[in-house]
Amino acid sequence: MVGGHGVDLLRWEQRMKAIMLSEPRQIGVVDLPDEQPGPGEVTLRIESCSVCGSDLEGFHGIHPKMTFPRVMGHEVGSVVKAVGDGVGLSVGDRVAGTGRKACRSCEPCRNGRPAECANPGGPGFTAHGAYAESMTVIATELVPIPENLSFDEAAVAQPAAIAYHAVVGRAAIKEGETVLIQGCGPIGLSAMMLAKLQGARVISTDIVDYRVQKARELGAELALNSSKEDVFAPIRDMTSGQGVDKVIECVGADQDETIPQAVEAVRSSGLVVVVGSFASNRATVPIIDFKFSEKSLIGSQGMPEGYGPIFELMSFGKLDVNRLISHRIPLDQAPHALSLMDRKDEDVLKVVLKPQT
Ligand SMILES: [Zn+2]
Ligand SMILES: [Zn+2]
């Protein structure tokens, strides 16, 4: 028997497993209703969901946008398992992204038009996300995964696309430039690899040795532990005393060291791009030097270029995000994943949750 929206009702599983963050640091496995898709919606079977640094901020209750209780997860590779009316996707399609989630309470939602929701939520932040076996979302922003890319790669394409926007969009890195990339997490390492693809020389910094080593392995011209080594002398050596052309800040979180360092490291008229997600609305800028040497400081948010450019680089073999994946684990070990990331244990970089295993 097939339901009105192409849903096989006999085979529809009524419940699904998810990981609920009921309040900061309170996390566990829950059983939730598995929603059926309304018009314009699809239900996704989550194959891969990678754990983001902002999930860790959410876990600690310091993410500026996350609300509770929350199923986190926004870096997703999935298969369409059911489609509502008027959706261009088919059951079995492999897709990346989360789309938006209908609120189920506004006027269009209550009248059977969830795709026109007046208050759609962002899955993983203001609506339930993909630390789950499945997820029902508005279909429009989902993107087909290229045939030669895996679900894991599709999930990790999301932070790589954020790095792409910073490197190619906001910083407009060009051949021959020297760039300092602060942070050797998944976004910082993606930014480093993308800046090199643009033809730049890259200096990467972090405060964790194995991450500095990873940047070196993945091709940074110079990789430094900024908690142990002077970063300014090597930068002067590499740039005839001028400073780097551009800095991309990929650290964020609860610290005030990277912005002053970035502004100091960049040359006169140079550019600092902030992509790191900070915990508080405050940073120190060496304002006298900044003004006199006409430096610029700009932000970079999200991935407005979408998945297109990053999927192209990945499927042509120019960018290998598999090298950023350190762990693949079942969904119910999500709390363990967060604790690994908290303690920077087991040389953790990107953890991919596998809800179907
Ligand atoms: Zn993220
Ligand atoms: Zn709504």
Write down the Å³ per residue value for the convex hull defined by the alpha carbon atoms of region 124-182. 162
In region 251-336, what GluC sites (Glu not before Pro) fall in a loop by DSSP, with at most 14 other Cβ atoms inside 10 Å? 257, 294, 305
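Going from most exposed to least, what order do 55, 256, 347 have by accessible area with a 1.4 Å probe?
347, 256, 55
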Over all directions, how big on average is the projection of the convex hull of the alpha-carbon atoms in region 159-299, in square nanometres? 7.4
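Sort 22, 134 by accessible area with a 1.4 Å probe, largest first. Can you show the working numbers first?
On the way: 22 60, 134 5 Å².
In descending accessible area the options line up as 22, 134.
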Distance from the Cα centre of region 284-357 to that of region 232-268, in angstrom? 20
When the convex hull of the C-alpha atoms of the chain is computed, what volume per residue in Å³ does it have? 130
What ³J(HN,Hα) values, in whole Hz, does the Karplus curve 6.51 cos²θ - 1.76 cosθ + 1.60 give for region 348-357 when θ = phi - 60°, with x put for Gly and Pro? 5, 10, 9, 9, 10, 7, 10, x, 9, 10
If packing is taken as the mean number of other Cβ atoms within 10 Å per residue, what is the order of 64-76, 333-345, highest first? 64-76, 333-345
Using the basic label-point model (7 angstrom from Cα toward the beta carbon), what is the residue 282 to residue 237 distance in nanometres? 3.7
Heavy-atom accessible area of residue 318, protein chains in place, probe 1.4 angstrom, given in Å² to nearest 10, is 130
Per residue, the convex hull enclosing the alpha carbons of region 155-211 has a volume in Å³ of 68
Would you list, by chain and number, the lysines whose Cα falls below 30 Å from the Cα of residue 291, excluding same-chain residues fewer than 8 positions away? 174, 196, 228, 246
Rank 52, 103 by accessible area, highest first, at a 1.4 Å probe radius? 103, 52
Between their Cα atoms, which of 17/344; 214/344; 214/295; 17/214; 318/350 are more than 23 Å away from each other? 17/344; 214/295; 17/214
Which whole-Hz ³J(HN,Hα) couplings does region 197-208 yield from phi under the Karplus relation 6.51 cos²θ - 1.76 cosθ + 1.60, θ = phi - 60°, glycine and proline marked x? 4, 7, x, 8, 9, 10, 10, 10, 10, 7, 10, 10
Label-point gap, in nm, between residue 255 and residue 329 - each point 7 angstrom along Cα→Cβ: 2.3
Taking +1 at the Cβ of each Lys and Arg and -1 at the Cβ of each Asp and Glu, which of 225, 168, 195 sits farthest along the dipole of region 159-299 towards its positive end, judged by Cα position relative to the Cα centre? 168
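The values are calculated or read from the model by the stated rules, or taken from the named source; none is laboratory data. Here the structure is a predicted model, which is why all the values come from computation and not from measurement. Don't worry about glycine lacking a Cβ; one is built from the backbone with ideal geometry, like all the others, and counts go over all protein chains shown. When the accessible area is computed, the model is the full protein with side chains, heavy atoms only, and any ligands, DNA or RNA have been set aside. Shrake-Rupley method; radii C 1.70, N 1.55, O 1.52, S 1.80 Å.
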